[in-house]
Amino acid sequence: MSYSRHEPGLNQCVWSVVSGSQGTMSAVKLEECRERIRAELDNVVDFWLKYSHDTVHGGFFTCIGKDGKVYDELKYVWLQGRQVWMYCRLYRSMDRFHKPEILEAAKAGGAFLRKYARVSGSSGQWKCAFCLTRDGKAVKIQRTIFSECFYIMAMDELSRVTGDKDMQLEAEQMMEQLIFWVQKDSSGLGRPQLPGDVPTNGMAVPMMLLCLVQQLTEGRGQEVVQKYRELGSWCVQQILQHIQRDGTAILENVSLEGAELPGCQGRLQNPGHALEAGWFLLQFSAERGDEELQRTAIDKFVELPYQYGWDKEHGGLFYFLDVDGHCPTQLEWSMKLWWPHCEALIAFLMAYSQTKRPELLERFSQVYEYIFSHFSDAENGEWFGYLTQEGKVALDFKGGPFKGFFHVPRCLYMCERILDDLLENKD
């Protein structure tokens, strides 16, 4: 089955899917959608297998131009970890990716990380570098936890496909350090405590810790589940604090007590982040059987960010917004980036799969249409990552310091799996 970037949309499909009177047609249209997503995932995997591997020093190039040419040899640790994780997840959960070349690439990426990513901090604790030279020399360290987060994800997932218990132990040890930094003492991150710097609850931190809880506990047995159970609940409560303005807004930053902050920082909204938090919460609510949390996730973290975040004139999700309507101070606020649309596609399809509410499938359809008519590059493969507000390509590279082999393949992988389940259980 072949597709052009501007083929007729899924909107017609959606109504037949939910009408109930055209059951056969419903399955056919969902199948067409799945096949397109499946073909796109194959295309994206092929692109990174072909262009990103450094066969000399190990690890992966991520600064890759529109046609696959490497334009910068710096290696970003969080993207190295993400690529290892993604290769392993595909290898162990989808038969068509259970290939030696994918496993060997993941192992080579893991070896590069273990050899070069960790640097000793001034406190004697292990920090991960943010970026490395091609041959593994540390260039920069960030005073955040995100390089470490994706190091953990990589090691845990790689341990699952290799059976290497040392990697699993390494992931759990690094996790304990993260918990210490976040909940007890953040001085090991190297960020000085300045008198005017008020501590905040930024949504990214509990989101990532919740993601790691789900990663580390998947299929590990009750002992591990219980070990992280309290942390998972803490993360959820921290995320729910971002519901503000009597439930009418999700704000990116709040105080440690869950109150709105003053100024631009307090008014900031990131629709894509809220949508990603939404499907994290949906997964958590399904694991716990928590129907109230499921409703909150859908109403406040999926539907609400879409309502205020969707550009009604040009389509697509704004990157940043100000809850009071001021112009955000982020220069790229009005651009349309790849990853918020990936998170929206997952969130709406997952929400529909759990509730069968037709309006959620309509939203999935709208995001799906925008993605395949704007981001996907039928000529050279992969997706463009950065569009103008009007939806034109602004930056034509396929990978950089922030865009690697992660959001696009994770989105396509998850949507294909959800569609598999919907089609299998369509009756």
| message | Residues to consider are Val254, Val302; find the one that is modelled with pLDDT of 95 or more, out of contact with any strand residue (DSSP E or B) (no Cβ under 8 Å at 6 or more places or on another chain) and hydrophobic (A, V, I, L, M, F, W, C). | response | Val302
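From Trp333, Trp338, grab the single residue that is touching a residue at least 40 places away in the same chain (Cβ under 8 Å) and among the hydrophobic types (A, V, I, L, M, F, W, C). Full working, then the answer.
Values: Trp333 fails: touching a residue at least 40 places away in the same chain (Cβ under 8 Å).
It is Trp338.
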| task | Quick one: count up the residues across segment 203-256 that are open to solvent by 20 Å² or more (accessible area, probe 1.4 Å), under 26 Å from Arg267 (Cα atoms), assigned to a helix (DSSP H, G or I) and among the β-branched types (Val, Ile, Thr). | result | 1
| Across segment 119-140, what is the total count of residues that are open to solvent by 70 Å² or more (accessible area, probe 1.4 Å) and modelled with pLDDT of 95 or more? | 3
| field | segment 216-247: number of residues that are farther than 17 Å from Trp279 by Cα and in contact with a Phe, Trp or Tyr (Cβ under 9 Å, 6 or more places away or on another chain) | value | 2
| What is the residue count in segment 368-427 for residues that are within 17 Å of the chain's Cα centre (by Cα), under 25 Å from Val139 (Cβ atoms) and open to solvent by 10 Å² or more (accessible area, probe 1.4 Å)? | 4
| message | Against the condition of a type outside the set (A, V, I, L, M, F, W, C), surrounded by fewer than 18 Cβ atoms within 10 Å (Cβ to Cβ), modelled with pLDDT of 95 or more and on the phi > 0 side of the Ramachandran plot, how does Gly325 come out, does it pass? | response | yes
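Looking at Gly247, Gly309, Gly278, Gly289, can you tell me which residue is farther than 15 Å from Ala347 by Cβ and in contact with a helix residue (DSSP H, G or I) (Cβ under 7 Å, 6 or more places away or on another chain)? Spell out how you get there, then give the answer.
Values: Gly309 fails: farther than 15 Å from Ala347 by Cβ; Gly278 fails: farther than 15 Å from Ala347 by Cβ; Gly289 fails: in contact with a helix residue (DSSP H, G or I) (Cβ under 7 Å, 6 or more places away or on another chain).
The match here is Gly247.
With respect to Gly315, determine if the residue is closer than 28 Å to Lys29 by Cβ, open to solvent by less than 40 Å² (accessible area, probe 1.4 Å), small (Gly, Ala, Ser) and touching a Pro at 6+ places or on another chain (Cβ under 6 Å).
Details: closer than 28 Å to Lys29 by Cβ: yes; open to solvent by less than 40 Å² (accessible area, probe 1.4 Å): yes; small (Gly, Ala, Ser): yes; touching a Pro at 6+ places or on another chain (Cβ under 6 Å): no.
The answer is no for Gly315.
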| Hits in segment 184-202 - residues which are surrounded by fewer than 16 Cβ atoms within 10 Å (Cβ to Cβ), of a type in the set (S, T, N, Q) and in contact (Cβ under 8 Å) with a residue 12 or more places away in the chain | Ser187, Thr200
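Taking the conditions exactly as written (open to solvent by 70 Å² or more (accessible area, probe 1.4 Å) and either in contact (Cβ under 8 Å) with a residue 12 or more places away in the chain or out of contact with any Asp or Glu (no Cβ under 6 Å at 6 or more places or on another chain) (or both)), does Arg89 satisfy them or not?
Numbers: open to solvent by 70 Å² or more (accessible area, probe 1.4 Å): no; either in contact (Cβ under 8 Å) with a residue 12 or more places away in the chain or out of contact with any Asp or Glu (no Cβ under 6 Å at 6 or more places or on another chain) (or both): yes.
So Arg89 fails the test.
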| query | Going through segment 143-169 one residue at a time, which ones are open to solvent by less than 60 Å² (accessible area, probe 1.4 Å) and free of Cβ contacts under 8 Å to residues at least 40 places away in the same chain? | reply | Glu148, Ser159, Gly163, Asp164, Gln168
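The values are calculated or read from the model by the stated rules, or taken from the named source; none is laboratory data. Keep in mind the model is a prediction, meaning the values are calculated, not measured. Neighbour counts are summed over all protein chains in view; Cβ atoms, including those assigned to glycine, are modelled from backbone coordinates with ideal geometry. Please note that ligands, DNA and RNA were not included when accessible areas were found on the heavy atoms of the full protein model with its side chains. Shrake-Rupley method; radii C 1.70, N 1.55, O 1.52, S 1.80 Å.
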